[in-house]
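> Structure incoming, see below.
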Number of protein chains: 2
Amino acid sequence: MNENKSREMVKILKALANPVRLKMVASLYEKPKNVYVLAKELSLPYPLAYLHLDGLKKLGLVKEIREEKKVEGLPTVKYYAPSDFKIVLTPIEIHRLFKKKEEMK
Amino acid sequence: MNENKSREMVKILKALANPVRLKMVASLYEKPKNVYVLAKELSLPYPLAYLHLDGLKKLGLVKEIREEKKVEGLPTVKYYAPSDFKIVLTPIEIHRLFKKKEEMK
DNA sequence: CTTATATATAAGAAATTTTTTATATATGCT
DNA sequence: AGCATATATAAAAAATTTCTTATATATAAG
């Protein structure tokens, strides 16, 4: 019943298998920033950038960081950076995704 | 002008970001087989299996192998196996996809 | 008080991907 | 001759993903 691992992998790969989202990760790696600035940088309408980033965030590929420049007050600006993920894709690793935990060990 | 690398990566990730195709790679890793048998194993109509495998083949993720059991005659049966690929996805690697060759070195 | 910055979300349209259905061809078995 | 095996492709339907448009809210700058 270990279809979870492969399904989770498909989700993650789907998130990264998109030119906009891939570029977002690259841009946030170079310099963490908020959605508004990211949208401008990539010449995207804000709602689209928001949706794409939200997808990455929900899968944990990108995280919110608190690096507030504005010293006082509640932070109205949210900065994002890529998480520290590492996905390795080889035939063997892909095969492992479909193996049950018991027969994995 | 190095948008080639990221575009190629998106293509490859799209190919693997699908439950059917991911399972195909896993199945062919376990034991190389032809499309007809693969279709049966995965309970897919042949044309669908054919299309999915064709996608993997065109990207070089799967290759045709000549391991003919039928000694005589031209091989009417085509066997497939995964290629020896390795794709590593980290924020750094993704960032590199968008760097020009010159500034790469 | 208007503009720029900033977030969040919904609904619909557009584009792409996935799946089905149909067609054509060929071999081997019983 | 009919059935199972086997490949290949096209066209249309179905499903999903992507993108746009609209709305609502809030702060800061000029």
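The values are calculated or read from the model by the stated rules, or taken from the named source; none is laboratory data. These numbers come from a predicted model, not from an experiment. Cβ coordinates were reconstructed from backbone atoms using ideal geometry, including for glycine residues, and neighbour counts include every protein chain displayed. Surface areas here come from the heavy atoms of the whole protein model, side chains and all, with no ligands, DNA or RNA. Shrake-Rupley method; radii C 1.70, N 1.55, O 1.52, S 1.80 Å.
> When region A:81-90 is examined, which residues are found to be touching a Lys or Arg at 6+ places or on another chain (Cβ under 9 Å) and at the interface with chain B (Cβ under 7 Å from one of its Cβ atoms)?
A:Pro82, A:Val88, A:Leu89, A:Thr90
> Also, I was wondering about something else. Could you check region A:8-31 and list, in sequence order, the residues that are more than 15 Å from B:Leu89 (Cβ to Cβ), assigned to a helix (DSSP H, G or I) and more than 7 Å from chain B (Cβ to nearest Cβ)?
Within region A:8-31, A:Val20, A:Ser27 qualify.
> Quick one: in region A:32-42, of everything that is assigned to a helix (DSSP H, G or I) and open to solvent by 10 Å² or more (accessible area, probe 1.4 Å), which residue is nearest to DNA strand D (Cβ to nearest atom)? Full working, then the answer.
Let us first name the residues in region A:32-42 that are assigned to a helix (DSSP H, G or I), namely A:35-41.
Retained after the next criterion (residues that are open to solvent by 10 Å² or more (accessible area, probe 1.4 Å)): A:35-37, A:40-41.
Details: A:Val35: 12, A:Tyr36: 10, A:Val37: 14, A:Lys40: 13, A:Glu41: 15 Å.
In this case the residue turns out to be A:Tyr36.
> Taking region A:44-86, which residues are more than 18 Å from B:Ile92 (Cα to Cα), more than 8 Å from DNA strand C (Cβ to nearest atom), modelled with pLDDT of 95 or more and open to solvent by 100 Å² or more (accessible area, probe 1.4 Å)?
Within region A:44-86, A:Lys58 is the sole residue that qualifies.
> How many residues does region A:1-31 contain that are within 17 Å of A:Ala81 (Cα to Cα) and open to solvent by less than 20 Å² (accessible area, probe 1.4 Å)?
Number of matching residues: 8.
> Please go through (1) at pLDDT below 95; (2) touching a Phe, Trp or Tyr at 6+ places or on another chain (Cβ under 7 Å) for B:Pro91 and return the number of the only condition it doesn't satisfy.
(1)
> Go through region A:87-105 and give me each residue that's aliphatic (A, V, I, L, M) and open to solvent by 50 Å² or more (accessible area, probe 1.4 Å).
A:Ile92, A:Met104, listed by residue number.
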